[in-house]
Amino acid sequence: MSNSPETAAPANVALSSPVTAGPRCERPVDHQFPSTKSTLDDLAIFGGPPAFAERLHVGRPNIGDAERFIDRVRDVFDRRWLSNHGTYLAQLEERVVTLVGCRHAIGVANATLGLQIACRALDLTGEVIVPSFTFAATAHSLAWEGLQPVFCDVAPATHNLDPAHVVKLISPRTSAILGVHLWGLPCAIDELAGIASDHNLKLFFDAAHALGCSYRGQPIGNFGALEVFSLHATKFVNAFEGGIICTNDDALARRVRMLANFGYGEGEIPEIVGTNAKMHEASAAMGLTNLESLGEFVAVNRRNYHAYRAQLASVDGVRVIDYPEREDHNYQYVVVEIDGARATLTRDELLELLTAEKVLARRYFFPGVHRLAPYRATDGAAARLPVTERLCESVLLLPTGTTVSVADIQRVAELIRFALLHGASIRARRASEMGAAATI
Ligand code: T4K
């Protein structure tokens with residue numbers, strides 16, 4: 001697997017490119033744990049002490065001004081208005097409208113329900129073209145609405161829908177294209193809009209990752225028929241759970257509001273079949289409070305992203321995905337690709353090693369939605385998704401967010417560098433230990 005020479009010398013790695021301290025981190029540095037690994041025995045998979053006392057997470061929630069949130073919840077109690085388009089939801093929606101610059105922002109209980117409502121609001125039928133390299137919820141929302149997801153490959157640089165492949169998948173049953181702005185990187189929106197218009201298809205976006213991001217200078221939330229943000233706990237801005245549907249279409253906005261609220265319009269009697277996808281006031285207060293710290297969250301995420309880039313730049317076989325500086329970005333995810341041809345360990349071997357050190361990196365998204373049980377039998381798409389298949393085997397997300405410090409990142413990068421310098425020895429020792437265990 002590896003072409004890289006293995007260094008015999010112990011890796012007491014000196015850090016290059018010091019990273020300047022930025023905004024506050026909520027976790028103190030734990031000094032009692034050794035910051036470097038000098039021999040294989042130091043690795044936690046071989047019985048050494050883990051590099052971190054407490055686990056480092058990918059999706060640790062960013063939390064803004066907790067006191068202000070608690071004051072708002074007290075106010076909710078005082079006024080005894082807990083749900084059904086309360087004042088905090090109205091404020092949250094207004095703030096998103098201002099941030100995104102769109103005409104309508106509609107708060108919902110979560111983005112999955114938001115996508116389901118989108119399918120209804122757009123009257124979709126038959127097949128919808130969607131990437132497989134995404135969280136299961138994207139495809140589930142279609143399947144839940146009785147639609148067939150048709151899995152499309154993605155572009156290697158952005159991990160987003162490949163427009164050339166989209167065209168090939170259009171059939172007489174296709175009613176829409178659902179793009180995902182994965183990691184907050186915008187899809188090839190203009191190309192997709194052209195294809196949708198040429199073939200008379202609806203276009204909408206799963207923007208779960210993309211609050212605070214832009215495409216050609218315009219905020220995400222303004223494209224396609226509508227876009228759906230997630231405010232889940234692990235997202236850049238969270239409302240515990242939540243979603244926001246943004247659109248510039250007045251009629252569509254009205255329909256979305258009705259669908260999310262049992263079919264009620266302005267009157268006392270439901271006009272259409274609707275569901276209950278309302279966001280309650282505690283969630284709205286949390287979303288609003290966290291939105292007020294958006295600038296700080298971006299600053300911390302951006303600092304962390306650049307720290308990882310600097311620390312991992314010289315590590316052979318590791319690529320940190322690019323976020324173009326000319327666009328707004330939330331830097332919520334630090335996404336690395338482990339190149340199977342150049343790195344001395346596979347992504348999964350590295351993940352096992354990091355997990356033992358209490359670095360809970362994540363394989364988003366493994367094994368690819370087209371390989372999940374509900375879709376495997378119906379689609380059989382693996383052969384036509386070569387980029388997706390490669391990414392599902394090579395992508396790893398590293399811990400970041402306001403609970404991760406630059407010192408943590410230096411330590412994570414040291415671990416990765418040490419592991420890949422000594423990959424062949426690590427693999428050989430692991431194999432011999434497993435073999436010995438199997439014969440006991
Ligand atoms: N479209 C896309 C592209 C998405 O990524 C998602 C959601 C959706 C649509 C649907 O949006 P929502 O309906 O959720 O609004 C997590 C999230 O649950 C999910 O929202 C998210 N994508 C996905 C990428 O990640 P899991 O199964 O990986 O979550 P879990 O519980 O393993 O947590 C991840 C990490 O975060 C762990 O290390 C623990 C940590 N964590 C998590 C929570 C909830 C905390 O430290 N505190 C917490 O409160 O799916």
Can you tell me which condition Thr355 does not meet? The list is (1) of a type in the set (Ser, Thr, Tyr); (2) in a helix (DSSP H, G or I); (3) more than 24 Å from Gly47 (Cβ to Cβ), and all the others hold.
(3)
Within the range 350-407, considering residues that are hydroxyl-bearing (Ser, Thr, Tyr) and away from the ligand (no atom under 15 Å from the Cβ), the one nearest to the chain's Cα centre (by Cα):
Ser394
Filter the range 39-83 for residues that are crowded, with 16+ Cβ neighbours inside 10 Å and among the acidic types (Asp, Glu) and give the result.
Asp42
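Condition first: closer than 14 Å to Arg417 by Cβ, under 19 Å from the mean Cα position of the chain (by Cα) and open to solvent by 10 Å² or more (accessible area, probe 1.4 Å). Can you find one or more residues in the range 317-335 that meet it?
Within the range 317-335, one or more residues are closer than 14 Å to Arg417 by Cβ, under 19 Å from the mean Cα position of the chain (by Cα) and open to solvent by 10 Å² or more (accessible area, probe 1.4 Å).
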Lone qualifier among Thr388, Thr400 - being hydroxyl-bearing (Ser, Thr, Tyr), at pLDDT 95 or above and assigned to a loop (DSSP other than H, G, I, E, B):
Thr400
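Any idea which of Thr174, Thr138, Thr125, Thr158 is open to solvent by less than 10 Å² (accessible area, probe 1.4 Å) and among the β-branched types (Val, Ile, Thr)?
Answer to the check: Thr138.
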Residue, modelled with the lowest pLDDT, within the range 223-237, restricted to residues that are more than 8 Å from the ligand (Cβ to nearest atom) and part of a loop (DSSP other than H, G, I, E, B)
Phe236
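For (1) within 12 Å of the ligand (Cβ to nearest atom); (2) of a type outside the set (Ser, Thr, Tyr); (3) modelled with pLDDT under 95; (4) assigned by TED's automatic domain parsing to the domain that holds Met258, each residue gets a yes or a no:
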{"position": "Arg80", "(1), (2), (3), (4)": "no, yes, no, yes"}
{"position": "Thr87", "(1), (2), (3), (4)": "no, no, no, yes"}
{"position": "Gln91", "(1), (2), (3), (4)": "no, yes, no, yes"}
{"position": "Leu113", "(1), (2), (3), (4)": "yes, yes, no, yes"}
{"position": "Cys119", "(1), (2), (3), (4)": "no, yes, no, yes"}
{"position": "Glu127", "(1), (2), (3), (4)": "no, yes, no, yes"}
{"position": "Ala136", "(1), (2), (3), (4)": "yes, yes, no, yes"}
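The values are calculated or read from the model by the stated rules, or taken from the named source; none is laboratory data. Model, not experiment: these values are computed from the prediction. Cβ coordinates were reconstructed from backbone atoms using ideal geometry, including for glycine residues, and neighbour counts include every protein chain displayed. Only protein heavy atoms, including side chains, enter the accessible area calculation; ligands, DNA and RNA are left aside. Shrake-Rupley method; radii C 1.70, N 1.55, O 1.52, S 1.80 Å.
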